[in-house]
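Each remark here refers to the structure printed beneath this line.
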Amino acid sequence: MKRLMLVVLMAIFSLAIVGCGADDANESDNNQEEAKAEAEVNANENDDNIESSEDDEYYFDGDELVTEDFTIEITDYQVLQPGEGNNFGDEPILGFWFDVTLDEDYEGDDIDPNNAWILTFEAIQDNDPDAVNELDVGILPDEDHLDTQMQTIKPGGTVSSSISYELTDEETPVELIAKDNLFLDDELGRHEYEIE
């Protein structure tokens, strides 16, 4: 009887040890999984922060375009009819007035306001069901910019200018699409302008 009790006690003790070990192992596995999940969440949050800070650094919000080399601030836009501020064209145009500020540390090729604009923006008037309707650049909408439109901007300097697009109708909004470089697919933003 003592021998049987001793065997039973040893069996219970062995099971208790194995059970504790299993609980410890399960707890350890759970802790490792929780730590791994937490690390993944932290890594994703860090990635999100990095992406958003990069996205926020260079952008176009409809009023301001910020690139690595310059900033373009749109100060006004309006539709000009033939004979009413549009003295040389037969079709209505959409004019944009803007200021270009060159980065203080810029060391590249010369930049003038209209080249900065043309190399950055494309204008779309989505009124063709079959094809993308990219608008052609029109006449200079403001004679005050005859001299400034092609002035070389000094690093840290700001020069004002204007540009226009030939409208293909007077109802469909025009969307400006900004890219860091029109030859690449790195879009910085887009904004739709109502035709008033």
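Between GLU175 and VAL137, the modelled label-to-label distance comes to 2.3 nm, taking each label 7 Å out from Cα in the direction of the beta carbon.
A 1.4 Å probe run over segment 57-193, with the rest of the protein chains in place, finds 56 Å² accessible per residue.
R0 = 30 Å: FRET efficiency of THR168 with GLU104, Cβ-based, nearest 0.05? Mind dumping the intermediate values first?
Working: r = 40 Å, r/R0 = 1.33.
My answer for the efficiency is 0.15.
The calculated P(r) of segment 57-174, using every Cα pair and 10 Å bins from 0, goes 14, 42, 31, 12, 1 in percent.
Assign unit charges at the C-beta atoms only (+1 for Lys and Arg, -1 for Asp and Glu), then state the dipole size of segment 107-196 relative to its Cα centre in Debye, rounded to the nearest 20. Can you show the working numbers first?
Values: 3 positive and 26 negative charges, 97 e Å.
Dipole about the Cα centre, nearest 20: 460 debye.
The simple Förster model, with R0 at 22 Å and r as the Cβ-Cβ distance, assigns ILE118 and GLU68 a FRET efficiency of 0.80. If a spin label sat at a point 7 angstrom from the Cα of THR152 along the line to its beta carbon, the backbone N atoms of segment 108-125 nearer than 14 Å would be those of 108-113.
The values are calculated or read from the model by the stated rules, or taken from the named source; none is laboratory data. As the structure is a computational prediction, the values presented were derived from the model and not from experiment. Note: ideal-geometry Cβ built from the backbone for every residue, glycine included; neighbour counts use all protein chains shown. Keep in mind that these areas ignore ligands, DNA and RNA; they rest on the heavy atoms of the full protein, side chains included. Shrake-Rupley method; radii C 1.70, N 1.55, O 1.52, S 1.80 Å.
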